[in-house]
Each structure stands twice: as C-alpha cells, then as structure tokens.
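Presented below is the structure to which this report refers.
The values are calculated or read from the model by the stated rules, or taken from the named source; none is laboratory data. Computed from a predicted structure; not experimentally measured. Don't worry about glycine lacking a Cβ; one is built from the backbone with ideal geometry, like all the others, and counts go over all protein chains shown. Please note that ligands, DNA and RNA were not included when accessible areas were found on the heavy atoms of the full protein model with its side chains. Shrake-Rupley method; radii C 1.70, N 1.55, O 1.52, S 1.80 Å.
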Amino acid sequence: MPRSCTICAHPKREEIDHHLVGDSSNLSVSSLFGVSESAIRRHKGNHLPAKLVLAEKAAEVAEADNLLAQVQDLQTRTLAILEAAEHTQQHRTALGAIREARSNLELLAKLLGELDDRPQVNVLISTEWLQLRTTIITALERHPQARESVLRAVEGAGSG
Ligand SMILES: [Zn+2]
C-alpha cells in the first residue's frame, strides 16, 4: 500500500474502515481519529473499495456455507422422518417428507452451485441427489403408485 496514505498506515485502520462503511461522514471519522478529511476521502475512494469487495465475497461465502449447513441438517431430519413414517406405515407423512426432501435437495443444489461458482449444477449426479434418490426408491418399494408419481416429479425437476 502507498506510504502516502495516512489512513492505510493508521494503527486503527480497521476501525476507520468500519466507520467508513457505516453511516459516519468523512468529517466525523476524520475528527474521531484525528486525521485529515482529505486523507479520509482519498482512502475511501481509492483503497476501501478493493477491501470491501473482498469482505463482501467472504461474507457471501460464509452466508452460503451457513445456509448449506442448515439445509443439510434439515435434510437429515427430513430423511429421518421419512424413515420413521415408512416403518409405521404412515404413508401420508412419508409422502410429505419426500416432498420436503425434494425441495431441500433443490435448495442444496442451488447453494452448492453458488458455492462452486459454476453456471450449472448437474443435480442428477450430485452425491446428495443420488443418496436421496436411493432413499426414495427404497422407501417407496412397497408403494409402486406413489413411487411412480414421485419419480416422475423428481425427474421433471432434475431436467428442468
Ligand atoms: Zn488508504
């Protein structure tokens, strides 16, 4: 960083940047930290944006990671409900759980796609999808009619 920028060289630079990102005016920040307003203005215009972009990306990734963990947790619980419902022959509950699992999966695919930063995610080959597919097919083995309609629905979602 350029030595000429008193803000970049300031021991409280992080704190200053924090204020600049918030609602504080250049003038109030300059008086708060005892630096010149022109230095603040120059720093804000030339040095802060690059930092902000990085911070924003990090925050986005963290947010996506957090969402991903939540959806994965949700999916685990949904699949547990599906299994329990299947064991106790609660077909309506089982079908509801399958619908939930499917929407969780769609969300997972979207999140993974954003994390990977790839334009497309092939939902048909993702590990989560293959696991869920197996679970669904196994769970519905004794309910061919339900299985058929579920398979039709998820194939449609996969190709669309
Ligand atoms: Zn600077």
- Query: Under a 1.4 Å probe, what is the accessible area of segment 1-87 per residue, stated in Å²?
  - Reply: 66
- Query: Given the Cα-Cα distance of residue 38 and residue 84 and 0.36 nm per residue of separation, how much length would full extension add, in nm?
  - Reply: 9.9 nm
- For segment 5-79, how big is the tail of P(r) above 19 Å, as a whole percent of Cα pairs? 47
- In whole angstrom, how far apart do the alpha carbon centroids of segment 12-36 and segment 85-99 sit? 58
- Subtracting the Cα-Cα distance from 0.36 nm times the residue separation, let me have the gained length for residue 58 to residue 74 in nm, one decimal. 3.3 nm
- Query: Can you pull the percent of segment 32-93's accessible area that's carbon plus sulfur, 1.4 Å probe, other chains left in place?
  - Reply: 58
- Starting from the eigenvalues of the Cα gyration tensor, five times each then square-rooted, give me the equivalent ellipsoid semi-axes of segment 40-90, largest first, whole Å. 48, 6, 4
- Query: Between residue 24 and residue 46, what is the label-to-label distance in nm when each label sits 7 Å out along the Cα-to-Cβ direction?
  - Reply: 2.1
